[in-house]
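Novice: Take this structure first; my questions come after.
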Amino acid sequence: EKLPQHIMEDLQYFLEQVEYPLAVRSSSLLEDAQCQPFAGVYRTYMIPNSHTDLSVRLDQLCEAIKLVYASTFFSSAKSYLTSTNNRVEEEKMGVIIQQVIGNKHDEVFYPDFAGAAHSLDHYTPAGAKPEDGMALVALGLGRIVVEGGQCLRFSPKHPERLMQFATVDDTLRNSQRQFQAIDVSDPNRYPHFDEDENVVSLELSDAERHGTLNAVGSTYSAENNAIYEGIGRKGTRIVSFAPVLKSNVFPLPEVLSLILELGRRCMNCPVEIEYAGDIATHEFSLLQIRPLAGNYAIHNLDSALLNDPNAVVATEVAIGNGIYDDVSDIIYVPRDRFDRSSTVAIAQEIGQLNIKLRSQGRKYMLLGPGRWGSSDRWLGIPVEWSQINSASVIVETDLDDFKVTPSQGTHFFQNLTSFEVGYLTVNLNSGGGKVDWDWLDSLEVENETKYLKHFSLDEPLT
């Protein structure tokens, strides 16, 4: 099916004016809703827009537009819709065609930095307030941020306090080691259903060769066991954003603070933004702004609860306030069955159990190691929202060699806050909480798969 002729004529006129890569994305009523805004449900396609033949570029753009509309019929989108009180008849969608911010290096295209920011921080560091907000930033495309990959988390009001870089070991463990870019080597490539089909992962050595690591990188010296700002000496390269956050080569914290405050005032609610930029030209681009959903109150609870001998799970790091007293099922990933190379298979098994429990109207607690919802399968189990949309409470625990930080994927986080899911992060190796493994292992199993155990309790958990 072809698009209407008048639309084709407008698109052709547009393409006559622009030759940069384009992002084709959705803008729908439900995505912008203040109650339960959709986040990452529909697809975004990035096209090189570099073919010498205008008719080919037009055909590629039209194909991307149709794929965005088609994504409303994907099972993940339908599943998300059924989780809300909305009906598909209420949805209306437009398509936005945006310039991809960045520059071409070799046969790839990417920005110097990209990320997301919230005007309200649910995980406030010491000395900060929730309304100070939080930001996530990465080298390269921002997709790595919204999908929960390794990136840098900081408060725009307190950019000098980087909790994940508290020690040298923390820095080496938590810093970004790869980045993403658009492959623009083939002008003939058409967009496909897989929106990541032309997105490639690159090494920091590539960024150093391109010259994009200079303003965001630091160097680890094994001889001194120290990290030095910049990449002017020999050693292991890391993405620290120290030149930006410490030496102010780009006023990123100030710009984010201003935009988040303006957004909060204009929308009269907490907001989330996506952004990208170019350091050399001092260009900052606001890509998207939307309400940050969630009715969570933020206050301190009685610390004595953490030492309750009857507590199955206890932690100081959580979001979600109130009483969850209807959870009689537990889906549990035993530690001795967890295998990082099999996390995709584990996610599929969870999705199958989720369908069964959801059809029976049963809520459950989901418990397992690593970061939930990350697109990086080596950091945890890469579940999509449609695979866990009947969970009331989600618990993640640390791995032997990995201190888990709360989910940084902004799309996943939006879903947690939109549906008011209790979310607990337990770092056992550093004394950051408790999980009663013995009690869990003593329960009678209702369903058991290769990687999972499913328990159904006689009395619900509270």
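The values are calculated or read from the model by the stated rules, or taken from the named source; none is laboratory data. Predicted model only: the values in this text are computed from it and were never measured. As a convention, Cβ positions derive from the backbone with ideal geometry for all residues, glycine included, and neighbour counts pool all protein chains shown. Note: accessible area is taken over every heavy atom of the protein model, side chains too, but ligands, DNA and RNA are not part of it. Shrake-Rupley method; radii C 1.70, N 1.55, O 1.52, S 1.80 Å.
Novice: Quickly run through the range 135-174 and pick out the residues that are open to solvent by 20 Å² or more (accessible area, probe 1.4 Å), out of contact with any Leu (no Cβ under 9 Å at 6 or more places or on another chain) and closer than 18 Å to P251 by Cβ.
Specialist: Hits for the range 135-174 are K157, H158, R161.
Novice: Are any residues in the range 340-383 over 21 Å from V41 (Cβ atoms), of a type in the set (S, T, Y) and open to solvent by less than 10 Å² (accessible area, probe 1.4 Å), and if so, which ones?
Specialist: Result: T343, Y364.
Each row is one residue, and each column tells you yes or no for (1) in contact with a His (Cβ under 9 Å, 6 or more places away or on another chain); (2) surrounded by 18 or more Cβ atoms within 10 Å (Cβ to Cβ); (3) on the phi > 0 side of the Ramachandran plot.
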site	(1), (2), (3)
S418	no, yes, no
V426	no, yes, no
V435	no, yes, no
L440	no, no, no
L443	no, no, no
N447	yes, no, no
D458	no, no, no
L461	no, no, no
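Novice: In the range 163-174, is there at least one residue being touching a residue at least 40 places away in the same chain (Cβ under 8 Å) and outside any helix (DSSP H, G or I)?
Specialist: No; the residues of the range 163-174 include none that is touching a residue at least 40 places away in the same chain (Cβ under 8 Å) and outside any helix (DSSP H, G or I).
Novice: Quick one: would you say G432 is touching a strand residue (DSSP E or B) at 6+ places or on another chain (Cβ under 9 Å), within 25 Å of F165 (Cβ to Cβ), at pLDDT below 90 and not aromatic (F, W, Y)?
Specialist: Taking the combined requirement at face value, the residue satisfies it.
Novice: How many of the residues in the range 405-423 are in a helix (DSSP H, G or I), at pLDDT 65 or above and among the hydroxyl-bearing types (S, T, Y)?
Specialist: Total satisfying the criteria: 2.
Novice: Looking only at the range 143-185, which residues are farther than 16 Å from Y228 by Cα and acidic (D, E)?
Specialist: E147, D183, listed by residue number.
Novice: Here's another thing I want to ask about it. Any residue that is within 22 Å of the chain's Cα centre (by Cα), more than 27 Å from T52 (Cβ to Cβ) and among the aliphatic types (A, V, I, L, M) - is there at least one of those in the range 180-201?
Specialist: no
Novice: Would you check if E160 is out of contact with any Phe, Trp or Tyr (no Cβ under 9 Å at 6 or more places or on another chain) and part of a loop (DSSP other than H, G, I, E, B)?
Specialist: Against the criterion (out of contact with any Phe, Trp or Tyr (no Cβ under 9 Å at 6 or more places or on another chain) and part of a loop (DSSP other than H, G, I, E, B)), E160 does not qualify.
Novice: Cβ-Cβ below 9 Å, separation at least six or inter-chain, first residue in the range 55-66 and at pLDDT 95 or above, second acidic (D, E): which pairs?
Specialist: R57/E19
Novice: For the range 267-277, check the following and say yes or no: at least one residue is at pLDDT below 80, more than 18 Å from P460 (Cα to Cα) and either open to solvent by less than 60 Å² (accessible area, probe 1.4 Å) or touching a Gly at 6+ places or on another chain (Cβ under 7 Å) (or both).
Specialist: Checked against the condition, which is being at pLDDT below 80, more than 18 Å from P460 (Cα to Cα) and either open to solvent by less than 60 Å² (accessible area, probe 1.4 Å) or touching a Gly at 6+ places or on another chain (Cβ under 7 Å) (or both), the range 267-277 yields no hits at all.
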